[in-house]
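Read through the structure below, which is laid out as structure tokens, and then see the notes.
None of the figures in this text is laboratory data; all of them are computed from the coordinates on show. Given the structure is predicted, the values throughout are model-derived calculations rather than measurements. Heads up, the Cβs are rebuilt from the backbone with ideal geometry, glycines too, and the neighbour counts pull from every protein chain shown.
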Amino acid sequence: MNAAEAELVERCRRKEPGAFEQLYRDHATRVYNLACRLSGSPADGEDLAQEVFVQVYRKLDSFRGDAALGTWIYRLATNLCLDHLRRRSVPGRETEPLDDATPRAATRPLSADRMDLERAITSLPDGYRAAFVLHDVEGFNHHEIGAILGIAEGTSKSQVHKARLRLREYLTRMPRLVSPGREPVARNGRT
Amino acid sequence: MSCERYHDWINASVDGTLDSVERRELEDHLAACPSCAALAADLRRLQQLAQGLERLAAPPSLWTRIDRATRESDPRRRWRPGAMWAALAAAAVLVLAVASTLLLVRDRDPQPGTPAADPGASSIEVARTVEAELRLAEQHYENAIAGLEQLARDRELLDPEVAATLQKNLQVIDGAIAESRSALQMQPGSHPAQQSLFDAFRTKIALLEDTIYLLSEIRRNDQVSGTASGTNGDQSS
């Protein structure tokens, strides 16, 4: 934790006017995006982001400053989101990750758009989803993700690697949707 | 080396963590292996898509919800009816007075797209009205601040550090109010200038509320300490 963060934390602990709002402003966008993408729903994302910051407010006294303030907040956020996903899953219907060590041959080249990717992310197993969103979307490095998720750096690399392979398979095999203003696109120019 | 080993390198190349020797070897392999070349192209495309996903802005209501939830969960920040009624009454009067003033300013401001019968005369009238209302709001603030300062002087309640922070914050907010007022004098009908002024007023109201609350808590703790020491004195005698 750097000096500016330590000062802000102290101001928050003293309940100084505006201090917690500043902490919120510093981290709201990333927490909100993380919550929306991990939950797969803006409505759930807003509820989860609220819960994250209420927890931060309550637990700030126990924050020892061993890690960066952001790492602590995103760890709390990720854990809350993963708990939410676990509560939401129907017992007996959880899917186990397949062995993704070897990528299957893609049926066609990847020609997806951002909406396709948003949808595909929600199909990932929870652990893969968290690692992929933190790394490829939010831009954390594997060392930071290890600290956030409480896993080894190598495990983070492996999770992101497997998530990418799953997404590739999902996106290259999914049926192309046809909607107004959006024609199916193939790389060879034929539709 | 097997294709499987190159898959790790392909991922590392997408992350940008391959060294130059490994990168050259991987490029040679990709040139000779269509399957791995397709995988590399797809993963790079996937990364581009991920980096280009829309950055969602947290809705303004989120902070309101969090602020309310933290106040309700924290007895030190929660307003308690019956406790320090004088401080609460002072805060309520202040909020009411300023809110009324701001509503008057807003209501008298012409809405965008509303045709004015006489643009020149209307502009002058709005300027005079806004100026008068601002003077009124300022008077309310000065009265409220003077009352707060009196409370602080009477008991020397505020910690010097807190008092300095309060003073600094008030100066920042007063600066924002002055800037907004200056902008409004130049453009009496400017919605951004009005919004800026309202935001500054609201910030000042929140700060004054917190100050009043802080003062009331210090005063309450003083009373508890006084009672406790009086009780101890009785026991020892």
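When each of the peptides A:144-152, B:176-184 is scored by how many other beta carbons lie within 10 Å of its residues on average, the order from highest to lowest is A:144-152, B:176-184. Ranked by how many other Cβ atoms sit within 10 Å of their own Cβ, fewest first, the residues A:V9, A:V52 fall in the order A:V9, A:V52.
Within the set of other residues whose C-beta is less than 14 Å from the C-beta of B:E22, count the net charge using Lys and Arg as +1 and Asp and Glu as -1. Could the numbers behind the result be given before it?
Details: positive: B:R5, B:R23, B:R24; negative: B:D8, B:D15, B:D19, B:E25, B:E27, B:D28.
Here the charged neighbours net out to -3.
Seen from A:A49, the other residues with C-beta closer than 11 Å to its C-beta sum to a net charge of -2, counting Lys and Arg as +1 and Asp and Glu as -1.
Calculate the mean, over all residues of peptide A:8-19, of how many other protein chain Cβ atoms lie within 10 angstrom of the residue's Cβ.
Working: counts 0, 0, 0, 1, 0, 0, 4, 8, 7, 13, 6, 1.
Partner-chain Cβ atoms within 10 Å, mean over residues of A:8-19: 3.
Peptide A:159-168 shows a mean partner chain C-beta count of 4 within 10 Å per residue C-beta.
Largest first and in whole Å, the equivalent-ellipsoid semi-axes of region B:3-51 read 17, 13, 8, each the square root of five times a Cα gyration tensor eigenvalue.
Among A:K162, A:K59, the ranking by other beta carbons within 10 Å of each residue's beta carbon, starting with the fewest, stands as A:K59, A:K162.
Enclosing the Cα atoms of region A:114-173 in their convex hull gives a volume equal to 65 cubic angstrom per residue.
Using the number of other C-beta atoms within 10 angstrom as an exposure proxy, rank B:T64, A:T29, A:T78, A:T172 with the fewest first.
Values: B:T64 11, A:T29 14, A:T78 24, A:T172 18.
Ordered by Cβ neighbours within 10 Å, fewest first: B:T64, A:T29, A:T172, A:T78.
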